[in-house]
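Below is one structure; the comments refer to it alone.
Only the coordinates and a few stated rules stand behind these numbers; no lab work does. Source: prediction; values computed, not measured. Using ideal geometry, Cβ is built from the backbone for each residue, glycine included, and neighbour counts are taken over all protein chains shown.
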Amino acid sequence: MDKFIIEGGERLKGRVRISGSKNAALPLIAATILQKGSYAIGNVPRLRDVETMIRLLAMLGGKAEWTGDNTLAIDTGSLDNHVAPYEIVKEMRASVLVLGSLAGGLKKATVSYPGGCAIGERPINLHLQGLAALGCDIKIREGYVDVNAKKLRGGRVTFDTVTVGGTENIMMAAALAKGETVIENAAREPEVVDLARMLKRMGARIEGEGSEVVRIRGVEALAPCDYEVIPDRIEAGTFIVACGITRGNIVVENCNPLHLKAVIEKMKEAGMEIEESDSTVKAIMSRKRPISVDAKTIPHPGFPTDMQAQIMALMSVSKGVSAITETIFENRMMHVAELRRMGADIRVIGNTAIVKGVERLSGAKVMATDLRASASLIIAGLAAYGSTEVSRIYHIDRGYEKIEEKLKGLGAKIRRKKDEDLGA
Ligand code: EPZ
């Protein structure tokens, strides 16, 4: 398994271009199952999770190939299989995003019931309740979810917990249901809005996307389309925090500051100077140490759970004490133990981490446990004294395109140690 070796102490300077959003690209690829035909999707990040979704599409009879650095040509004309097997769902739980588009497109779906993952149990009960409200007949057998959507019709879906994937699945199924669907307590994430935009370009009739009530009036058929994925707001936020911890001065390009408001406000509170344009964020941290700020993760437009580990790394060298509360996932604090090994002073009480800032972290051998925890360890290593070795970085390859090249481009001393080198 590859590792990153990071020599801390370099201040990040320069410009970095943000890739397309992983969490938008995955549902957009799933949406091509709704309507047979040819699609060209641009600004798709080259990530392990995207390659997994491409493999899943191929298993269903679709075809997807890269026709440019980040453009996917997708052909679902010969889609003929509705089964998403255990092997692929085990590898990426976002495979469940084909539930809604198979129910809408093929009127049946058999998807392996996703297990939990490092950050939590991550059930799909709300997805299934939503599909049942749309007239689907659902059976769980031998670890699979069987959905019979022959009688797919509009309905009222009220989520008791905001669910991004649940909202996306119901939007996709409802697009081809008979009648109107109303989703209450819908997720408002930009990735949900991006999916709604592509569905509307395909002819779906959707209103209210980005608010907590989304209305979908089903249509007889959709049409394939071309589309461009929005920039990855979490990648952009990760680089802004990395700039903050290294007292850097960077320009983040090809991002959408409107998707990052809570993160930008939080970083200004921590002492960062930030200037926004419509597609860039200029971030400067002149202070020697960031100001301690509290953070609490809540659904968009609140502070994102996918930025919690990253802000915690920054707060571990702040001047003071900060409380970081995770309200979305029940086990998203595994980076704490690793940050402690670098000298961070963090105590976890329930779902809150009390972070007492230290002057400086010290480099160490640490282990990535999940995607965003990996990002927080890299951020910590960029500022730590000495060398940090982050192992199990296959986690980071799931969600960040060319992260070491991008960091090197900003002056970081980071290199990837391939498996075969490890013997050396
Ligand atoms: C999406 O996951 C993202 N993944 C996650 O990003 C992100 O952290 C999460 O939304 C929250 O913003 C993708 O978009 C591919 P949820 P998703 O359904 O849809 C509970 C990353 O790092 N819940 O909004 O799976 C669930 O357990 C990843 O890029 C139910 O109880 O998240 C969780 O506590 C990690 N029942 C909460 O809701 C359900 O049926 C939010 O989950 C569904 C969810």
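Net charge dipole, the chain: roughly 540 debye, given to the nearest 20, about the Cα centre with Cβ charges of +1 for Lys and Arg and -1 for Asp and Glu.
In order along segment 90-97, the Karplus-derived 3J(HN,Hα) couplings, from 6.51 cos²θ - 1.76 cosθ + 1.60 at θ = phi - 60°, round to 4, 6, 8, 5, 5, 4, 5, 5 Hz, and Gly and Pro are given as x. Taking 20 °C and 1.002 mPa s as conditions, segment 22-228 diffuses translationally at an estimated 131 µm²/s according to Stokes-Einstein applied to its Kirkwood radius (Cα pairs). Between 245, 140, 54, the residue with the greatest mean-square fluctuation in the GNM of the chain (Cα pairs under 10 Å linked by springs) is 140. Taken one residue at a time, the phi angles of segment 226-236 give Karplus couplings (6.51, -1.76, 1.60, θ = phi - 60°) of 9, 7, 10, 6, 5, x, 7, 5, 6, 4, 4 Hz. Gly and Pro are set to x.
Annotation: amide H of residue 348 within the under-5 Å range of 354, sequence separation 5 or more or interchain, hydrogens built in the peptide plane.
Dividing the helix sum by the residues of the chain, where each DSSP H run of 4 or more adds -39500 (n - 2.57), gives a mean residue ellipticity at 222 nm of -9000 deg cm²/dmol.
With the charge dipole of segment 22-228 set up from +1 on Lys and Arg Cβ and -1 on Asp and Glu Cβ about the Cα centre, the Cα lying farthest toward the positive end among the listed residues 68, 120, 34 is that of 34. Amide H neighbours of residue 227 under 5 Å, at least 5 residues apart or on other chains, H built in the peptide plane: list them. Answer set, sorted by chain and number: 40, 41, 42.
Among 25, 242, 118, whose mean-square fluctuation peaks in a Gaussian network model of the chain (Cα, cutoff 10 Å)? Residue with maximal mean-square fluctuation among 25, 242, 118: 118.
Each other residue within a Cβ distance under 9 Å of residue 325 adds +1 if Lys or Arg and -1 if Asp or Glu, for a net charge of -1. Here the Karplus curve 6.51 cos²θ - 1.76 cosθ + 1.60, taken at θ = phi - 60°, turns the phi angles of segment 206-218 into couplings of 10, 9, x, 4, x, 10, 7, 10, 10, 10, 10, 9, x Hz, with x standing for Gly and Pro. With contacts taken as Cα pairs under 8 Å and at least 6 residues apart, the chain reaches a relative contact order of 21 percent. Specify whether the C-alpha gyration tensor of segment 63-123 places it in the rounded, prolate or oblate class, a ≥ b ≥ c being the square roots of the eigenvalues: rounded for a/c under 1.5, otherwise prolate if a/b is larger than b/c and oblate if not. Oblate, because a/c is 1.5 or more while a/b does not exceed b/c.
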